[in-house]
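The structure under discussion appears below in the form of structure tokens.
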Protein chains: 4
Amino acid sequence: MIRFENDYTEGCHRRILQRLSETNDEQTPGYGTDEHCEKARDYIRKACDAANADVHFLVGGTQTNTTIIASILRPHQGAVSAITGHIAGHETGAIEATGHKVLTLPSDDGKIQAEQVKELYDAHWDDVTHEHMVQPGLVYISHPTENGTTYSKAELEALSKVCREAGLPLMMDGARLGYGLAAKDSDLSLADIARLCDVFYIGGTKIGAMFGEAVVITNDSLKKDFRYMIKQKGGLLAKGRLLGIQFETLFEDGLYYEISNHADEMAMMIREAFVERGFSLRYDSTTNQQFPILPNDVLLELGKKYSFSLWEKFDSTHSVVRFCTSWATKKENVEMLLEDIRAL
Amino acid sequence: MIRFENDYTEGCHRRILQRLSETNDEQTPGYGTDEHCEKARDYIRKACDAANADVHFLVGGTQTNTTIIASILRPHQGAVSAITGHIAGHETGAIEATGHKVLTLPSDDGKIQAEQVKELYDAHWDDVTHEHMVQPGLVYISHPTENGTTYSKAELEALSKVCREAGLPLMMDGARLGYGLAAKDSDLSLADIARLCDVFYIGGTKIGAMFGEAVVITNDSLKKDFRYMIKQKGGLLAKGRLLGIQFETLFEDGLYYEISNHADEMAMMIREAFVERGFSLRYDSTTNQQFPILPNDVLLELGKKYSFSLWEKFDSTHSVVRFCTSWATKKENVEMLLEDIRAL
Amino acid sequence: MIRFENDYTEGCHRRILQRLSETNDEQTPGYGTDEHCEKARDYIRKACDAANADVHFLVGGTQTNTTIIASILRPHQGAVSAITGHIAGHETGAIEATGHKVLTLPSDDGKIQAEQVKELYDAHWDDVTHEHMVQPGLVYISHPTENGTTYSKAELEALSKVCREAGLPLMMDGARLGYGLAAKDSDLSLADIARLCDVFYIGGTKIGAMFGEAVVITNDSLKKDFRYMIKQKGGLLAKGRLLGIQFETLFEDGLYYEISNHADEMAMMIREAFVERGFSLRYDSTTNQQFPILPNDVLLELGKKYSFSLWEKFDSTHSVVRFCTSWATKKENVEMLLEDIRAL
Amino acid sequence: MIRFENDYTEGCHRRILQRLSETNDEQTPGYGTDEHCEKARDYIRKACDAANADVHFLVGGTQTNTTIIASILRPHQGAVSAITGHIAGHETGAIEATGHKVLTLPSDDGKIQAEQVKELYDAHWDDVTHEHMVQPGLVYISHPTENGTTYSKAELEALSKVCREAGLPLMMDGARLGYGLAAKDSDLSLADIARLCDVFYIGGTKIGAMFGEAVVITNDSLKKDFRYMIKQKGGLLAKGRLLGIQFETLFEDGLYYEISNHADEMAMMIREAFVERGFSLRYDSTTNQQFPILPNDVLLELGKKYSFSLWEKFDSTHSVVRFCTSWATKKENVEMLLEDIRAL
């Protein structure tokens, strides 16, 4: 079985393994106060062109979303998100478990737009009984989204503007950020994101690391006491150096971008093969997740050799499926898949 | 600087690194559903002589304590713990953040005794206004404790009996469990613990692994839906195999015990050296943490070469400090320390 | 200004005031352990034909919903509700503040149907990644709904059946229960509700009392420790007798039904007047809330003399408004309104 | 049975009943936006010499404490309180249920002193691992305390100074505030309290009202969005006017002080009788709660005719009991008690 079911099917990039081995016997202080973490922070600040940003390392995505959101909101506030957002549907109510409602906006492609946020915000404050409703307290977006789509610079600037006018921190879930940055049609840089968002994170788990998410806080008012929050929410790794070493490796000389590019290239090859073969795509993704709409018999045929995710039923004879590539995807496997697609 | 400040100053045991490298390219499903996790679960069930136990892998201790406790308690219930318990003082209120009070019992050595639990339980129910107070909902102990001390089999049996009569699940924090099992004067086996506790965990982070805690649930009534809880509390690692591989390595042929023994032996050498030199010990620990009471000038002298933790002020001229050994402690470093102690 | 804006514009029924005055100097124990509460519980059990039910008195609706839901759900579970349900939109996230997501179902009239619940439940368990999603843990309905509509006995029986098969407690918000029971076209009795729901409450605040909601728990498995929950959630009134006295007065000889009937009759007169005058109704309500769709100029005209709620925009020239009657609504005021409607 | 067991054994002051009756048919808007609430707010602001204070009305004490504390703290912060504080032991973990630890300070008389707060605060920040501990986020005191004792102006000034220097809001639980203000030896006025605390409340439930606590927020930074918090925590009474009317009556011409004085006078008579008869007092209370230490046979003898609370065991033959007076205590009952004490 060749797996395209998600982007965490392998261990980690070999250079990370090697670096973990090289540093294994070093004795370091715990909880992210070691020199590897410091170096990694510096690399990331530089990459973000954000010299004053606070950088923290956490273990996984749900934990990171929860920690950031719980840190920002007051008890009567909620997080605005696309209905398809990860926090809205796939984190077992982790946000609610910290006391906060996820205020959902409709979305067909995983993105939300500035006008939607403005409308929701205005509607809240226009309602004379707004005290009986959850107050919007921050805006959560993913880049790329759960559907592989990306925000353009213009879209993010518009969102950022609306958020700042409303006093709503803008938070970006970057669990797959590298794949978004590497997308051929994307005009967004890390520096743009650092400038336009108040807090975001750079995903490692799905992009070369064993695990790890690097939170970047650029808005000064959100920095205070964040380490308390990490500890309380279970994200303060005793051997914090493991996170530092991984992000050091990913960011010291561009490995993060390089492997992100690879994943996107592999994905675009798969996309094109499906399109050429006459299949439609559910979302217009230029990142590492591709969502062809396949006849159910084709799906069964491909399923004998490849694993992929069943995304949703499309109609009585078709389904949307997801093929994921990653930093680890082998070109020969993709080429085999392409052949099999063409042969359908 | 030679570090004895805690038991997580190095990476992980070399055999784990090697195994991570060997398995790195395997493609596995996520979230702990892979074969490595399955194997590790089997090894652990066998080691616990608990064929029906549920075994789950989480990343760190605070997360594990929080997930277990939040899973068990109803909203009006609290966790009974020694005042010195980790959940009572060193997890930034993680338990309270899930809505539950930690009900503390006095303890001088980190342990609590059966009679204390019984007394607290009876006092609650004897109070006519008990509905105005937090109801004891489970009992939390650590083995070894924060102070390096261990429960005897008789003590644990007494605790277990009181808890079962009261309907209070007994939970053991085993972040350093190996060091407790390996203690020369301990008569407690993993099987005893599995039989006497309702849920406990086997610490990996401090005993050879990069990270990871293996939760063992033996009480059937506590098993339901535990994976939801892990996910919600941020502990469901995407690449769950990393946990499986580590615990597989630690438990397939006794590595866990072997390295625990080593750490305890190193600790006892340090203990004896301090005692021979005429220093008292704050706690009677036979595990990997040792707590000599040192004159402040001695402390400064040793501090030039070794790092250790300042535990508490003892009197105006003495302090309690903690020396930690671990699976990674090098014998030559301990011997150097012994010489330096003798030379004081 | 004559107020039809809600059903809590006046104090309380005169007989309650009188009773409060008569009993004022009695000395009673606190927290609902007095004889008035005992009597009121007995009246309510009898009215519900539920001799074994537990009956508790709380102060207000949000508090009551929160207490019941938090008492029932485990942390990874959510409350299924119509998207229009009070808990979903008008309690400032009180349910989320206790850690639970509200899982919403679409509804045009405020009701949800058995098939919807079954579908949502099956969809959850059919999803292979259900552990990443909030598990449905109970079903919340209102009778009458926020839109004035009522469940038929057949509908409630179907809901109850689905819930019991799925192991989901069925909870009814009865903040306006009297007005639902009194609805001319309703075939549901209190005894039916007690038989078909697992827990529900009988609203006092909006039906004759100063304040107060009587929770009736018929499912034995939901009874345990409920008083702890009331206390924790701030609903255990020190002078609990005030609640007992009020419900005693309402239920000792049918006052609750009598005044509910009055309110519904007044509401139906208003409904008919609007319909006769040619206006449509947004919801087919036979209870004390009526929702005519009015031209905006009519709305402004009526607004000079009467207060009512602006419910929602209908189109560029029409709005939905809500007229509420209550136990306190004066017939002469309704008649004046009818004349003014006819004169439009 | 003549009840001295607590200060909520009767209904409410007759003038309040009368006012509720007079205003019963008025139609008012809901949720505390009516004119009675406005008037009551004005009276209270004036009584506090705090023209800019925000005044809110809630129903009961646990609810009020929870709402205030949850509104102020960030998730990693806790409320500093005497170990004997109401929030620490008698609210079924209501504070923890909102996610916050209660950080307790030892106290023999129910009070905490400025130095204790300073010490705890400094100890937190001096600890290098403070991020692993709950951060002190506010200071909670009661006046009078659970033990009937009161703060002097000098004590409150010292506390206020320490709190302001540390940036810790100082909150006063005033469930029995009137009885504290009326204490013969108290030099604290409402204006002092308003000046020295950041938020406090004026208890109605135990002092003449049926129910109700008036929250006064003098610190501007704590005012924002407080009504959302009241709603979420279940304290926003639909018929908010009931609270307004009660506090209007209590504060329009000094009724609150007058009835507080009465209660304290009755209590001091009881105190003196016990002392004259040779019994010791557990606490030096000059307010409405008195805590004599009685031989157990005396306790049984008095218990035939009077109800009072068993506070704690003193020794094998003595117990501490609590006698409470209130606004409603009848002088003839107290005189009867005095005679019976003298006759012991």
Exactly one of C:Y256, C:Y228 is away from chain D (no Cβ under 14 Å), of a type outside the set (A, V, I, L, M, F, W, C) and open to solvent by less than 10 Å² (accessible area, probe 1.4 Å), and that one is C:Y256
In contact with a Leu (Cβ under 8 Å, 6 or more places away or on another chain) and either within 16 Å of D:G85 (Cβ to Cβ) or within 12 Å of another protein chain (Cβ to nearest Cβ) (or both), is that true of D:L168?
-> yes
Within the set of pairs 6+ apart or on separate chains, which have a first residue in segment D:13-32 that is free of Cβ contacts under 8 Å to residues at least 60 places away in the same chain, a second that is buried (at least 17 other Cβ atoms within 10 Å of the Cβ) and in a helix (DSSP H, G or I), and C-beta atoms under 6 Å apart?
-> D:S21/C:L17
Quickly run through segment A:142-160 and pick out the residues that are touching a helix residue (DSSP H, G or I) at 6+ places or on another chain (Cβ under 7 Å) and either more than 14 Å from chain C (Cβ to nearest Cβ) or in a helix (DSSP H, G or I) (or both).
-> A:S142, A:H143, A:P144, A:T150, A:K153, A:L156, A:E157, A:A158, A:L159, A:S160
Qualifying positions in segment D:129-181 - farther than 20 Å from D:G61 by Cα, touching a residue at least 60 places away in the same chain (Cβ under 8 Å) and touching an Asp or Glu at 6+ places or on another chain (Cβ under 6 Å) | none
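Every residue, every condition in (1) at pLDDT below 95; (2) within 21 Å of the chain's Cα centre (by Cα), yes or no:
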residue	(1), (2)
A:M1	yes, no
A:E10	no, yes
A:E35	no, no
A:I87	no, yes
Members of segment D:6-19 that are in contact with a Ser or Thr (Cβ under 6 Å, 6 or more places away or on another chain) and more than 7 Å from every other protein chain (Cβ to nearest Cβ) = D:D7, D:R15, D:I16, D:R19
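Picking from B:L250, B:L243, B:L222, which residue would you name as being assigned by TED's automatic domain parsing to the domain that holds B:T64, buried (at least 22 other Cβ atoms within 10 Å of the Cβ) and under 30 Å from C:Q135 (Cα atoms)? Before the answer, list the steps.
Values: B:L250 fails: under 30 Å from C:Q135 (Cα atoms); B:L222 fails: buried (at least 22 other Cβ atoms within 10 Å of the Cβ).
Answer to the check: B:L243.
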Would you mention how many residues in segment B:20-51 are more than 14 Å from chain A (Cβ to nearest Cβ), within 29 Å of A:E5 (Cα to Cα) and either part of a loop (DSSP other than H, G, I, E, B) or aromatic (F, W, Y) (or both)?
-> 1
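Could you grab me the full set of residues in segment B:2-19 that are part of a helix (DSSP H, G or I) and closer than 30 Å to B:E146 by Cα? Let's see the steps before the verdict.
Residues of segment B:2-19 that are part of a helix (DSSP H, G or I), as a first pass: B:14-19.
Within segment B:2-19, B:R14, B:R15, B:I16, B:L17 qualify.
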Out of segment A:234-258, which residues are over 25 Å from B:G234 (Cβ atoms) and either part of a helix (DSSP H, G or I) or free of Cβ contacts under 8 Å to residues at least 60 places away in the same chain (or both)?
-> A:D253, A:G254, A:L255, A:Y257, A:E258
Using the structure shown, decide if D:S71 is assigned by TED's automatic domain parsing to the domain that holds D:C197, at pLDDT 95 or above and in contact with a Phe, Trp or Tyr (Cβ under 9 Å, 6 or more places away or on another chain).
-> yes
Some residue of segment A:179-197 being open to solvent by less than 10 Å² (accessible area, probe 1.4 Å) and closer than 30 Å to D:P136 by Cβ | no
Test each condition in (1) within 29 Å of D:R3 (Cβ to Cβ); (2) not in a loop (DSSP other than H, G, I, E, B) for C:A70 and report the one that comes out false.
-> (1)
Residue under evaluation C:D54, criteria (1) within 12 Å of chain D (Cβ to nearest Cβ); (2) open to solvent by 10 Å² or more (accessible area, probe 1.4 Å); (3) within 15 Å of C:M229 (Cα to Cα), criterion not met | (1)
Per the filter on segment B:97-112, residues touching an Asp or Glu at 6+ places or on another chain (Cβ under 8 Å), within 14 Å of chain D (Cβ to nearest Cβ) and open to solvent by 30 Å² or more (accessible area, probe 1.4 Å) are B:K101
B:A158 being within 19 Å of B:Q77 (Cβ to Cβ) and surrounded by fewer than 24 Cβ atoms within 10 Å (Cβ to Cβ) | no
Segment A:139-161, residues that are hydrophobic (A, V, I, L, M, F, W, C) and in contact with a Leu (Cβ under 8 Å, 6 or more places away or on another chain) | A:V139, A:I141, A:L156, A:L159
Test each condition in (1) over 30 Å from D:T98 (Cα atoms); (2) open to solvent by less than 50 Å² (accessible area, probe 1.4 Å) for B:K39 and report the one that comes out false.
-> (2)
Considering segment C:284-320 alone, what residues qualify as being assigned to a loop (DSSP other than H, G, I, E, B) and either crowded, with 19+ Cβ neighbours inside 10 Å or without any contact (Cβ under 8 Å) to a residue 40 or more places away in the chain (or both)?
-> C:S285, C:T286, C:T287, C:N288, C:F291, C:K304, C:F308, C:F314, C:D315, C:S316, C:T317
Go through segment A:121-137 and give me each residue that's crowded, with 19+ Cβ neighbours inside 10 Å and within 14 Å of chain C (Cβ to nearest Cβ).
-> A:E131, A:H132, A:M133, A:V134, A:Q135, A:P136, A:G137
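The values are calculated or read from the model by the stated rules, or taken from the named source; none is laboratory data. Owing to the predicted nature of the structure, the values given are computational and were not obtained by experimental measurement. Neighbour counts are summed over all protein chains in view; Cβ atoms, including those assigned to glycine, are modelled from backbone coordinates with ideal geometry. Only protein heavy atoms, including side chains, enter the accessible area calculation; ligands, DNA and RNA are left aside. Shrake-Rupley method; radii C 1.70, N 1.55, O 1.52, S 1.80 Å.
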